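The values are calculated or read from the model by the stated rules, or taken from the named source; none is laboratory data. All figures in this text were calculated on a predicted structure; none of them were measured in a lab. Cβ placement follows ideal geometry from the backbone for every residue including glycine, while neighbour counts extend to all protein chains displayed.
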Amino acid sequence: MKRTLIILSVLSATGVMVSLFTGPMGWNAPEQVILYLRLPRILLAISAGSALAVSGCVLQAVLRNPLATPYTLGISAGAGVTAGFIILSGISLPIFLVYLSGTAGALMASTLTWFLAGRGQQDHSGLILAGVTVNLLGASLLLLIEYMSPASRLVEIVRWMMGDLAVAGYGRVLYLLPFLVAGMVPALLKTGTLNQFLTGTEMAEARGVNTTRERFFLLIAAAILAGGAVGAVGPIGFIGLIVPHTMRRLVGGDYRRLLPVSALGGAVLMLWADVFSRIVISPAELPIGVILSLLGGPFFLYLLIKKPRL
């Protein structure tokens, strides 16, 4: 545990330093560029990476499915449809409302998934199948929106779906902060309950856990974390899959250790993915969603082959 924390802390600190001086002008960038462009980008990467990693970690325990991710709840579908509709319509909204629309779409899709699954019935596969259904429905609607979009709007939609950490000022960071706190604190307070979920529903209930209530509570926390992150940076995938499994191999399955370490691991992965996105085709940027998909695709196949245990 201590060794893992030290390694992650070193990687995090190194990632921050490298990111501060990555980009046009490098080390010679003016102070304003570092303070108002690069530093907010770093804080946004740390916040979004932590939120998505913890969301995935919670879902894997509650659903008892090693392949569960924040998008299991249909979050990417809801956010994509909402953002696509706003971009297609050409409505001019304050930037705060643009972020909020993505989050609202993500949370509405999560709610739809919950009700389609029978509001948290004992069969975990029902929630997963409902999430897959909502994602497919959302993807179909998004394709319709893209088909109807003029070329300029289509490019905007596609770029948003690939994720974006480019930020001027601290607006997006401040937007994400309440969602991060509202989802992270309850999840950290329920690490003991998450450990009970791993023993199975019947065993957890025999030990006094109200599994229906606690499942609902934890799913709400996971949806808030993922929904806030999606609203701020777009539907960036695979962090909620890669990080919890990697950290589980390093610190074990006890959620009292796994959850905080996953938060730090998500921040590290997002930081370094952002660094690579800016240097691979410099001076242009590669969307961070592309970088994470190239990592996440093979990792997902590895999990399917190995059939990891929670």
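Scanning region 277-306 for residues that are under 12 Å from Leu241 (Cβ atoms) and either among the small types (Gly, Ala, Ser) or surrounded by 13 or more Cβ atoms within 10 Å (Cβ to Cβ) (or both) returns Leu292, Ser293, Leu295, Gly296, Gly297, Phe299, Phe300, Leu303. Among the residues here, Pro235 does not qualify as in contact with a Cys (Cβ under 8 Å, 6 or more places away or on another chain), under 28 Å from Arg38 (Cα atoms) and buried (at least 17 other Cβ atoms within 10 Å of the Cβ).
Can you tell which of Leu174, Leu93, Leu136, Leu97 is surrounded by fewer than 17 Cβ atoms within 10 Å (Cβ to Cβ), within 21 Å of the chain's Cα centre (by Cα) and at pLDDT below 85? Lay out the reasoning, then the answer.
Values: Leu174 fails: at pLDDT below 85; Leu93 fails: within 21 Å of the chain's Cα centre (by Cα); Leu136 fails: at pLDDT below 85.
Answer to the selection: Leu97.
Evaluating Leu194 against the criteria (1) over 28 Å from Val81 (Cα atoms); (2) modelled with pLDDT under 85; (3) crowded, with 17+ Cβ neighbours inside 10 Å leaves one unmet condition, (2).
Can we say Leu258 is within 18 Å of the chain's Cα centre (by Cα), in contact (Cβ under 8 Å) with a residue 60 or more places away in the chain and either assigned to a loop (DSSP other than H, G, I, E, B) or closer than 25 Å to Gly131 by Cβ (or both)? Taking the combined requirement at face value, the residue satisfies it. For Arg38, the conditions (1) assigned to a helix (DSSP H, G or I); (2) out of contact with any Ser or Thr (no Cβ under 7 Å at 6 or more places or on another chain) all hold with the exception of (2).
Select from region 244-260 the residues that are among the hydrophobic types (A, V, I, L, M, F, W, C), under 14 Å from Ala61 (Cβ atoms) and out of contact with any Pro (no Cβ under 8 Å at 6 or more places or on another chain) and write down the one among them that is surrounded by the fewest Cβ atoms within 10 Å (Cβ to Cβ). Break it down stepwise before answering.
Keep residues of region 244-260 that are among the hydrophobic types (A, V, I, L, M, F, W, C), which gives 247, 250-251, 258-259.
If we keep only those that are under 14 Å from Ala61 (Cβ atoms) too, we end up with 247, 258-259.
Those still in the list that are out of contact with any Pro (no Cβ under 8 Å at 6 or more places or on another chain) too: 247, 259.
Details: Met247: 25, Leu259: 22.
Step by step, filter region 244-260, then rank; the result is Leu259.
Here Leu137 meets each of (1) free of Cβ contacts under 8 Å to residues at least 24 places away in the same chain; (2) more than 27 Å from Val185 (Cβ to Cβ) with one exception, condition (1).
You will find that of Gly237, Gly265, Gly253, the residue that is under 22 Å from Val290 (Cβ atoms) and modelled with pLDDT under 90 is Gly237 and no other. Among the residues here, Thr69 does not qualify as more than 13 Å from the chain's Cα centre (by Cα) and in contact (Cβ under 8 Å) with a residue 60 or more places away in the chain. The residues in region 210-243 that are more than 10 Å from the chain's Cα centre (by Cα), assigned to a helix (DSSP H, G or I) and over 20 Å from Ala182 (Cα atoms) can be counted, and the count is 4. Of the residues making up region 158-173, those that are assigned to a helix (DSSP H, G or I), under 16 Å from Ile86 (Cβ atoms) and touching a residue at least 60 places away in the same chain (Cβ under 8 Å) are Arg159, Trp160, Met161.
Conditions (1) at pLDDT 85 or above; (2) crowded, with 17+ Cβ neighbours inside 10 Å, marked per residue:
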site: Leu8; (1), (2): yes, yes
site: Gly26; (1), (2): no, no
site: Arg38; (1), (2): yes, yes
site: Leu44; (1), (2): yes, yes
site: Ser55; (1), (2): yes, yes
site: Asn65; (1), (2): no, no
site: Thr72; (1), (2): no, yes
site: Ile75; (1), (2): no, yes
site: Ala79; (1), (2): no, yes
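Considering region 197-209, and only residues there that are in contact (Cβ under 8 Å) with a residue 12 or more places away in the chain and part of a helix (DSSP H, G or I), the residue that is surrounded by the most Cβ atoms within 10 Å (Cβ to Cβ) turns out to be Phe197.
Only residues that are outside any loop (DSSP other than H, G, I, E, B) and surrounded by 19 or more Cβ atoms within 10 Å (Cβ to Cβ): list them for region 179-190, please. Spell out how you get there, then give the answer.
To start, the set of residues in region 179-190 that are outside any loop (DSSP other than H, G, I, E, B) comprises 179-189.
Once the filter is applied, which keeps residues that are outside any loop (DSSP other than H, G, I, E, B) and surrounded by 19 or more Cβ atoms within 10 Å (Cβ to Cβ), region 179-190 yields Phe179, Leu180, Gly183, Met184, Ala187.
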